[in-house]
Amino acid sequence: MRILYVYGMAETKDIPITLRKMGYKVEEYPKVQENSILNDGEAEEIVAYVRRHRITHLMSIHLIYNLALAAYRAGIKYVSVIWDAPYIKIFSPFGRLTSSYFSVFDRLDQERFKSAGIPHTLYQPLAVNKSDVLAWSRNARKALAGTYINDICFVGRLYEDNLYDERVKNMPSVIVDYFNSIFEEAAFRWDGVNRVYGKTGRDILRYMEMINPEFHVDNRLDIDDTSSFEITYLVRKIANIERVAVLSTLSEAYHVVLHTVSRVEEGQLGNVEVRLPVKPGKDAAVVYAGSKINLNLSLKGIEGGTPQRVMDVMGAGGFVMTNYCEETAELFEENKEIVMFKTPEELFEKAEYYLQHDEEREKIARAGHDKVLDCYTYEKKLEKLLSWVEGDS
């Protein structure tokens, strides 16, 4: 097997490095590819490279249209590792190619893909690079010397630039009130029940288009416009509502730090200390290990999967408090390796408890760290993935 790894917007080198350690022959394509833009000339260049270098498999993070087409034309297999959910870009001709294989981390997403006729999907939890994570964890412990720099930390976006605020919130009150009712029902309820999908009928979108001819759902995928609207407009707006409210409320009682690329208006987040985004890897490990509580608030679109943030925090030896997810409860033992919450009240109660019980909190963090390094590494993930790909003839 000779693998050509191609970089898209995700720049991590974990996969090619791990593959080489596992004994695979791996080349890295010299040109970065756009994930969702098809360029026939670029695809043909990749085909020529494949033939010239006798490549047997293409691989990338996320679906890169040029790669899917190149693999199909060259008569080889394309393997895509998906990090996001819901990953609607797979609902395209490139996702349906029999030469395309996808590793997906959200079990419910995988079920939808199968129902839609996507031929090759494999459910796998996300993973960490064990050797790097161990090195970063040791470095973090040495740098922190047994101290903590934050009480509660969240690393991520606020989604203040969501499409709902940009295109919908200034529509007539009857429209805004309708969507506010969805937000009220769905936000701050983390019990694993999706209260967003299926709430927007086509008649609502037609009415919005009628009162504002400039409004339209830019949907070029093989899903209906209402599903596209709910995923791209509503899911991210709810994340914005939840994250702003939770962080600002927690900051009334605790030292809360937010590392983010988001724009934060003065006074928007109460007493939250807003810092620059943290660089993934060694720097992030110090933040994760140096925070008594690392908070995870998943997008509502991640229904049956455990985000990379959770794996990275635990890999660094940090303590994780996350919204409830059935899959996460299967991967990690609750209150022994990870702590979860279903309501704001439960979140605030558990935050208070674990900030006051250092020994118990640190024991959970150590157990979670061990579990990730034992079970959810790139070596294990890629071994299973490539065995599955090769076993399908």
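Laboratory data are not the source of any read-out in this text; all were calculated from the coordinates shown. Note that this is a predicted model, so its numbers are computed, not measured. Cβ sites come from the backbone with ideal geometry, for glycine too, and all protein chains shown count toward neighbours.
Remind me, relative contact order of the range 130-375 in percent, using alpha carbon pairs under 8 angstrom and six or more residues apart? Walk me through the intermediate numbers first.
Working: 371 pairs, mean separation 65.2, N = 246.
So the answer I get is 27 percent.
Applying a DSSP loop filter and a limit of 15 other Cβ atoms within 10 Å to the trypsin sites (Lys or Arg not before Pro) in the range 91-184 leaves Lys169. A Cβ-based charge dipole, computed about the Cα centre of the range 130-375 with Lys and Arg at +1 and Asp and Glu at -1, lands at about 800 debye.
Quick one: pull the percentage of alpha-carbon pairs in the range 135-190 with a separation above 16 Å.
Details: 1050 of 1540 pairs.
Tail fraction, whole percent: 68.
Within the listed set Ser60, Ser291, Ser36, the residue fluctuating most in the Gaussian network model of the chain (springs between alpha-carbon atoms under 10 angstrom) is Ser36.
By counting other Cβ atoms within 10 Å of each Cβ, how are Arg73, Arg202 ranked from fewest to most? Provide the component values of the computation, followed by the final result.
Numbers: Arg73 15, Arg202 11.
Lowest count first: Arg202, Arg73.
Working note: Cα gyration tensor of the chain, eigenvalues times five, square-rooted, sorted largest first, giving semi-axes of 34, 30, 18 Å.
Over 19 Å between C-alpha atoms is what I'm after, so list which of Lys31/Lys384; Lys279/Lys336; Lys13/Lys380; Lys142/Lys381; Lys142/Lys336 land there. Before the final figure, lay out each step's value.
Working: Lys31/Lys384 28 Å; Lys279/Lys336 29 Å; Lys13/Lys380 17 Å; Lys142/Lys381 30 Å; Lys142/Lys336 25 Å.
Lys31/Lys384; Lys279/Lys336; Lys142/Lys381; Lys142/Lys336, as the Cα separations exceed 19 Å there.
Cβ crowding within 10 Å, taken as a proxy for footprinting-reagent exposure, orders Thr343, Thr147, Thr306 from fewest neighbours to most as Thr147, Thr343, Thr306. Just checking the listed ones, Asn66, Asn296, Asn39: in the Gaussian network model of the chain with Cα springs under 10 Å, the one fluctuating most is Asn39. With each label modelled as a point 7 angstrom along the Cα→C-beta vector, the Tyr207-Leu144 pair spans 5.1 nm. Straight-line reach from Lys300: taking Cα to Cα under 19 Å and skipping same-chain neighbours fewer than 8 places apart, the lysines in range are Lys89, Lys199, Lys237, Lys342.
Which semi-axes, in whole Å and largest first, does the equivalent ellipsoid of the range 244-315 have when worked out from the alpha carbon gyration tensor as the square roots of 5 times its eigenvalues? Please list the in-between numbers first.
Details: eigenvalues 86, 52, 30 Å².
That gives 21, 16, 12 Å for the three semi-axes.
Along the axis of the charge dipole computed for the range 130-375 (Cβ charges of +1 for Lys and Arg, -1 for Asp and Glu, origin at the Cα centre), the listed residues Ala140, Val174, Tyr164 are led at the positive end by Ala140. Secondary-structure-derived ellipticity at 222 nm for the chain, considering helices only, amounts to -13500 deg cm²/dmol, per-run term -39500 (n - 2.57) for DSSP H runs with n ≥ 4.
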